[in-house]
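To start, the structure under review is shown below, and the notes come after it.
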Amino acid sequence: MERILLLQICMLLIFTGIRSQSQTVDLSPEILKFEPFVWPSEVPADCPFKPSGAFNAVKFLGVKSGYRYGDTWYPTWASNDTLYSPWTDGATTKRLDGYNDLSHSGAGPHRNQTGMGVIVGSDPVNLKSYSTGVFLNRSNPYMGRYPCGSLVYEGVWYYGSYCLGPDGSTQYGNIKVNWPWMGPFVGFHVSKDYGHTWTPCPHSPDKPLFGETGINGYPVKIGSPHFVDFGKNMQYSPDGKAYLVAHGADTTDTKWRFWNDSWINGDQVYLLRVTPSPENINDISKYEFYGGRDSKGIPVWTNDFKAIKPLLEWNNNMGCVTITYNAPLKKYIMCVTDGGNTVSKMHTYLLESDKLEGEWKIIAYLKDFGEQGYFVNIPTKFISPDGKQMWLLYSGNFAKDWNGQNIVENPPGSHYGMVFQKIELLKQSN
């Protein structure tokens, strides 16, 4: 009880101390329309994934929605029909009471803040999105602490966060890069009243849930996990469990880069699962980890974190990853972003599979998507009845002019903040 009260006091201080008065409270999204087009898929020659037999192209339908505040939006669809999401690194994220919230996940080991918010509505062109508060999140011995996996299930909100280092602006030779070293996933804050009050995470950056360390760039496997989106209140979970997917790397890499395992780069994708409850969510003994396949090709699940195996591998071509279950298609859609050198042009590709354990096949490779698009996900709430149309949610172009580059918005409207792009999956003839 004392810990809950302390966290509430810290949040109250943030609400009253660093928000700024807003002149009006206009919560309508920014809409942009443009000529629809099919993105040319340029799959690299060394891609390890077979082509999808169902789809091979992504069409942008010429409708963009969103807001110019904060990034790191990973919505979870609750039973009350509201989408709840973390957010961070925004100074003008609006509140219902006429104020703005500020969140800065790279403020320093004892001053990092991460935000929480909601998205209300059934159509991205007619949404209302706003902040509901921010956390103080200690990151010592790392510099940054950012939100990641977020789930609301049976009225309980599980809010995860991870650490980054050495700094948001790190010099490497003659270039500047962004958070090149992934830190560990710390664990979950838990709320039983949709974010009004919270039980703080019982773990700390130096003693995280899965026991990993990212000090001095040591590779982690579960740094920034995201919950598989199974729809409203996890209605399409195959077994009642919550699954998480994460990008990472290991010590066997022979093509190491300074940013090899960063917030947006990695070599592998990992899969884990847990039966969600306040008692289980921060207890490593309650988790199962994907451990490869046995001699008969059957997926292996293990309680031993040391026995974890990659679900997917593509050296120097993987990164931030999310998975959505597309119920009308009865397929899982995976979005993977290869973040270049963390501040260059970025590439996103879509994979599909009938099962979480695979086989995963590539739909399309969107070279230079954004041109600096990141944190890409597909909210289940906005998937069309036939499953072919959906909305990509992402943020874009936070480092447009770093190192003398000139990043442009492609597709149109790919700005920093919350960006929704309406797309359609196609099967084109060669």
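Points to keep in mind about this one:
- The listed residue being open to solvent by 10 Å² or more (accessible area, probe 1.4 Å), in contact with a strand residue (DSSP E or B) (Cβ under 6 Å, 6 or more places away or on another chain), β-branched (Val, Ile, Thr) and in contact (Cβ under 8 Å) with a residue 12 or more places away in the chain, out of 308, 323, 281: 308
- Conditions (1) exposed (fewer than 14 other Cβ atoms within 10 Å of the Cβ); (2) more than 21 Å from residue 381 (Cβ to Cβ): number failed by residue 79: (2)
- Matching residues, the range 160-199, being assigned to a loop (DSSP other than H, G, I, E, B) and open to solvent by less than 40 Å² (accessible area, probe 1.4 Å): 168, 178, 179, 180, 195, 198
- Positions within the range 109-119 being farther than 15 Å from residue 93 by Cβ and either open to solvent by less than 10 Å² (accessible area, probe 1.4 Å) or in a strand (DSSP E or B) (or both), in sequence order: 112
- Meets criteria (hydrophobic (A, V, I, L, M, F, W, C) and either open to solvent by 20 Å² or more (accessible area, probe 1.4 Å) or touching a helix residue (DSSP H, G or I) at 6+ places or on another chain (Cβ under 9 Å) (or both)) for residue 234: no
- Within the range 347-354, the presence of at least one residue that is under 28 Å from residue 28 (Cβ atoms) and crowded, with 18+ Cβ neighbours inside 10 Å is confirmed.
- Residue in the range 362-372 that is at negative phi, touching a helix residue (DSSP H, G or I) at 6+ places or on another chain (Cβ under 9 Å) and either aromatic (Phe, Trp, Tyr) or open to solvent by 10 Å² or more (accessible area, probe 1.4 Å) (or both) present: no
- Residue 388, sole failed condition from (1) open to solvent by 10 Å² or more (accessible area, probe 1.4 Å); (2) touching a helix residue (DSSP H, G or I) at 6+ places or on another chain (Cβ under 7 Å); (3) not hydroxyl-bearing (Ser, Thr, Tyr): (2)
The values are calculated or read from the model by the stated rules, or taken from the named source; none is laboratory data. Bear in mind the structure is a predicted one, so any value in this text is a computation, not a measurement. Neighbour counts are summed over all protein chains in view; Cβ atoms, including those assigned to glycine, are modelled from backbone coordinates with ideal geometry. Accessible surface areas use protein heavy atoms only, side chains included; no ligands, DNA or RNA. Shrake-Rupley method; radii C 1.70, N 1.55, O 1.52, S 1.80 Å.
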